[in-house]
Amino acid sequence: MNRVFEYLAGIGMCTEDALVEEWPRVRNAEQVKVYKCKKSGVIFLDTILSAGAEEFEGKSGYGFYGQISRDEMERQYHYDNLQRRRKYGPLVKNKNWIDIGAGSGATLNCLSDIAKSSMAVEPKKGARANLVGQGYTAYASIKDAVAECEGAVDVVSLIQTLPYIDEPIEELERTRNLLTPGGRIFIEVPHANDALLSFYNLDAFRDFTYHSELLILHTRQSLKKTLEVAGFEGVVVEGVQRYPLSNHLYWLANGRPGGHEEWTVMDSQELESSYAERLKAMNMTDTLVAYARA
């Protein structure tokens, strides 16, 4: 297998005899297969085509897939950021905060007005230059950030970033060095037990979601164990539903994303809340969020 499997095996989350093929391809590389561990439920790629952080340095565009403009990235994150401001605002308020994998700066822009200071780690040169142009201090790597900010950061976030890192334990250990004693980290990742995969069993969603740069889909247990092995304490993982029922029904009807924008007539706060609570109870939310301290 590869470094992702070695890491999962190393933290007790996978054994080779427990692997089954989840999907025969990813959307940008027919030769890459997707595997699932029956022991842990973790989903991961059998082949790593990217070379880690260095791979992203020279890429243009936004998003890890590098195929959309900054304006499009901001538009895509608008729905998410309405939720993230409510959820993460109290964590960064009046804190020295650094966002790892900041991309276009959508999350920074959403929360920086309430933070004491806001910084970024962004490996893509063009995106990093844009962040600097917006007035943020932006580093090319976690290692670079540690060189200047070791022990001086109150809060670190990784929003939909960790699954793209091929050496997560090492990078999280470096991240821990950024934090003040007792400093906080919060990490948002896609969930391997997402209802569109595990309950609705939607192949169109598999074809859309699986990509050569998305190396792993975590479970609660694998995300918690990853942080603990990296030296974090007090790890708590919760299920969060990013997208409402309209999004899922649109997927089922049309086999593509965007229902939360196209079918807004179906949404109400009560319906969205009830559906999210039901998915949480079933452990089938689309997202996991972990909180821990250094």
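The values are calculated or read from the model by the stated rules, or taken from the named source; none is laboratory data. Since we're looking at a predicted model, the values are computed, not measured. Positions of Cβ are generated from backbone atoms using ideal geometry, with glycine treated the same way; all protein chains shown enter the neighbour counts. The protein model used for the area step is the full one, side chains on, heavy atoms only, and it has no ligands, DNA or RNA in it. Shrake-Rupley method; radii C 1.70, N 1.55, O 1.52, S 1.80 Å.
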Inset, instruction - Just one of (1) at pLDDT below 90; (2) under 28 Å from PRO181 (Cα atoms); (3) of a type outside the set (Gly, Ala, Ser) trips up GLN83, so point out which. - result: (2)
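Just to be sure I understand, how many residues within the stretch 232-241 are open to solvent by 40 Å² or more (accessible area, probe 1.4 Å) and farther than 16 Å from TYR88 by Cβ?
2
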Inset, instruction - Answer yes if at least one residue in the stretch 149-157 is open to solvent by less than 40 Å² (accessible area, probe 1.4 Å), in contact (Cβ under 8 Å) with a residue 60 or more places away in the chain and outside any strand (DSSP E or B), and no otherwise. - result: no
Inset, instruction - Considering only residues that are farther than 17 Å from HIS191 by Cα and in a loop (DSSP other than H, G, I, E, B), look in the stretch 263-292 and name the one that is modelled with the lowest pLDDT. - result: ASP267
Inset, instruction - Just give me the residues in the stretch 170-205 being surrounded by 17 or more Cβ atoms within 10 Å (Cβ to Cβ), in contact with a Gly (Cβ under 9 Å, 6 or more places away or on another chain) and hydrophobic (A, V, I, L, M, F, W, C), in sequence order. - result: LEU172, LEU178, LEU179, ALA192, LEU202, PHE205
Inset, instruction - Considering only residues that are among the hydroxyl-bearing types (Ser, Thr, Tyr) and over 20 Å from the mean Cα position of the chain (by Cα), look in the stretch 107-143 and name the one that is most open to solvent (accessible area, probe 1.4 Å). - result: THR137
Inset, instruction - Among the numbered conditions (1) open to solvent by less than 10 Å² (accessible area, probe 1.4 Å); (2) without any contact (Cβ under 8 Å) to a residue 24 or more places away in the chain, tell me where PRO244 comes up short. - result: (2)
Legend entry - Filtered residues of the stretch 1-28 (kept if within 12 Å of VAL42 (Cα to Cα), within 20 Å of the chain's Cα centre (by Cα) and surrounded by fewer than 15 Cβ atoms within 10 Å (Cβ to Cβ)): none
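Among the candidates ARG174, ARG206, single out the residue that is over 22 Å from VAL34 (Cβ atoms) and of a type in the set (Lys, Arg).
Step by step, each of ARG174, ARG206 is checked, and only ARG174 is over 22 Å from VAL34 (Cβ atoms) and of a type in the set (Lys, Arg).
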Legend entry - Index of the failed condition, VAL236 passing every other in (1) in a helix (DSSP H, G or I); (2) at pLDDT 95 or above: (1)
Inset, instruction - Could you tell me whether any residue of the stretch 48-56 is at pLDDT below 95, crowded, with 19+ Cβ neighbours inside 10 Å, under 20 Å from TYR164 (Cα atoms) and of a type in the set (Phe, Trp, Tyr)? - result: yes
Legend entry - Within the stretch 96-106, considering residues that are more than 15 Å from LYS124 (Cβ to Cβ) and in contact with an Asp or Glu (Cβ under 7 Å, 6 or more places away or on another chain), the one least open to solvent (accessible area, probe 1.4 Å): TRP97
Legend entry - Filter result for the condition that a residue is touching a Pro at 6+ places or on another chain (Cβ under 6 Å) and crowded, with 19+ Cβ neighbours inside 10 Å, over LEU217, LEU227: LEU217
Legend entry - Failed criterion for ALA253 (all others in (1) surrounded by 15 or more Cβ atoms within 10 Å (Cβ to Cβ); (2) part of a helix (DSSP H, G or I) hold): (1)
